[in-house]
Amino acid sequence: MRRALELLPPAQRQALGLAFFDELTHEQIAAVLQLRLGTAKSRIRAGLQKLREQLVPLLGSLSVVLLTAVALVLHQQGEERGVLAQGERALDLVTSSDVVPIRLEALPGAPPEAHANYRSRPGTPLAVLSLSKLPPAPAGQIYQAWLRHQETWLSLGTAVPDAEGKARIVAEGSALAAQPEALEVTLEPAPGSAAPSGPAWIAWPKR
């Protein structure tokens with residue numbers, strides 16, 4: 001995936017980076033790059049198409065190694081296509097100007113600049129949680145995000161922040177099609193818990 005991104009034309013790589021990593025909308029990307037809105041959207045679509053074209057042949061070439069590996073390779077291809085398709089849907093959600101993010105704020109004990117943005121669309125079973133300014137988790141622990149719906153906590157997934165404290169969780173499920181009652185990110189024993197048990201670092205509504 002990293003190699004495929006590096007092979008993209010600079011203009012497409014820049015547009016995709018602004019969209020997915022900097023969380024800018026199509027309109028904001030057009031303004032930053034001083035492009036017409038249609039041009040910015042075209043660069044993003046073209047970049048995604050090139051990624052797909054580069055990844056599928058790479059995965060397909062693995063099937064020539066051994067006959068016994070064919071099934072595994074095909075399964076991996078399906079998973080890669082699924083991840084890419086999910087990434088496209090998440091990118092659309094993050095860049096859509098009609099989606100208003102829910103902001104999770106730092107709680108006592110967490111760095112005051114720590115926060116996250118949760119994006120979802122009513123009726124769509126997909127959500128994206130973008131975390132920022134989180135310090136590294138202590139040894140043996142991991143950040144885990146939670147959504148409360150109908151008094152039940154649902155795990156959105158776990159995250160390991162990068163050197164800048166950023167991480168992203170893309171989650172899918174029928175419960176995500178409705179507005180959450182609450183959101184929080186806790187520290188849990190690695191590799192994660194079935195229910196929130198550790199201290200909450202950021203949350204919405206802030207308590």
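Every number in this text was worked out from the coordinates using simple rules, so none of it is lab data. In this text the structure is predicted, and so the values were computed from the model without any measurement. Every residue, glycine as well, gets a Cβ built from its backbone with ideal geometry; the counts of neighbours run over all protein chains shown.
Put in line by how crowded their Cβ is, counting other Cβ atoms within 10 Å and starting with the fewest, Leu24, Leu131 read Leu24, Leu131. Going from the residue with the fewest nearby Cβ atoms within 10 Å to the one with the most, Trp201, Trp153, Trp146 rank Trp153, Trp146, Trp201.
Cβ-Cβ distance of Ala11 and Gln54, R₀ of 22 Å, FRET efficiency by 1/(1 + (r/R0)^6): the value works out to about 0.85. With the simple model of a label 7 Å out from the Cα in the direction of the Cβ, Gln28 to Leu154 spans 2.6 nm. Legend: ranking of residues Ser132, Ser120, Ser96 from fewest to most surrounding C-beta atoms inside 10 Å; resulting order Ser96, Ser132, Ser120.
Calculated from the alpha-carbon coordinates, segment 102-204 shows an Rg and a Dmax of 12.6, 38 Å respectively.
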